[in-house]
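The numbers here are math on the coordinates, done by the rules we state, and not lab data. Bear in mind the structure is a predicted one, so any value in this text is a computation, not a measurement. Glycine gets a Cβ as well: all are built from the backbone with ideal geometry, and neighbour counts include every protein chain shown.
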């Protein structure tokens, strides 16, 4: 557990442990990789008394590196585990903490109003978890006063506010790139990072292996079908659908469902006009992820939606009825998302985890 020091002592310790020290740590002991099978944006090396966590942005050569001591006898490390004061600034991070039962370690989130997990909600209502808001408008003084060990934030390419100042105070900022993973199991595998930081790496590996086993068992039993789906929603004048190499498209493929835009390139979203959607998706059997929880609300966005076959046949499905649950747990439990998609494609809409038919 990282000791709690005064700011001056923290600054002294940090300035005495520079990059040259980190390099000497790496060279002084043989290290081996912790198995990471599906995620592309992080790696973990295991040495005698420390780990090295590397988080790599796929868009450039920049990477984040953290030397993590295994216990209080480890020297010249950025952090000693287990971490017991964490600020987690995305829903998927909360999902990892939920599966690993690290409730007491989380002291802050973006907004407690959006928490789904009952234990986290209870801790928030008792004042044990604080709201910090979005990274772009972050209350730095409030963060400093809360005295966290680490802050995990989704790295969208912008530097965290007053990053250098926070580093001098001993607050470690860890970028999270799970949103860049294009394989469902790649996102789920980020539980290993949370497990590493909280001293529960072996438990995280056990949980991930169970998730992986269930996911792969479902894909092994699923055969390609003729079911054709569309996905996405209208925002303003633009319809946004997942690209053919995206996380969502991979789920459709593994569920044996044909996807209208499966041959498009990229892992993000593709913009379309409503007219293009009416032409491309007119005969789609199922519509996933429209972003609303009723057909009436969809028609209020655009009356043209009524011409889609999926809308006419009442085969529109979304997670909007329980949005917080979906954003918190779906990335960590892709086997349940996959199960939902398979069930829906077969006409079983009763026993679903995340999705619900829109009325």
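Before moving on, here are some points about what is shown:
- Highest-MSF residue in the chain out of 192, 66, 338 [GNM, Cα springs under 10 Å]: 66
- Here the label points at residue 75 and residue 169, each 7 Å from Cα along the C-beta direction, are separated by 3.0 nm in the simple model.
- Between 0 and 90°, nearest 10: helix 19-28 axis offset from the chain longest Cα axis: 90
- With 5 Å bins from 0: P(r) over the stretch 299-343, alpha-carbon pairs, percent: 5, 17, 18, 22, 13, 16, 8, 0
- Relative to the longest principal axis of the Cα atoms of the chain, the long axis of helix 334-345 makes an angle of roughly 0 degrees.
- Applying 1/(1 + (r/R0)^6) with r as the Cβ-Cβ distance of residue 142 and residue 37 and R0 = 45 angstrom yields a FRET efficiency of 0.70.
- Ranked for footprinting exposure by Cβ neighbours inside 10 Å, fewest first, 178, 280 give 280, 178.
- Taking every C-alpha pair closer than 8 Å and separated by at least 6 residues, the mean separation divided by the residue count of the chain gives a relative contact order of 14 percent.
- Acute angle (nearest 10 degrees) that the helix 201-221 long axis makes with the longest principal axis of the chain, alpha-carbon atoms: 20
- Per-residue Cβ neighbour rank within 10 angstrom, fewest leading, 135, 316: 135, 316
- The mean sequence separation of alpha-carbon pairs under 8 Å and at least six residues apart, normalised by the residue count of the stretch 7-213, gives a relative contact order of 20 percent.
- Note on residue 307 and residue 324: their simple-model spin labels are 4.0 nm apart, each label 7 Å out from Cα toward Cβ.
- Estimated at 0.36 nm per residue, the fully extended path between residue 131 and residue 226 surpasses their Cα-Cα distance by 29.6 nm.
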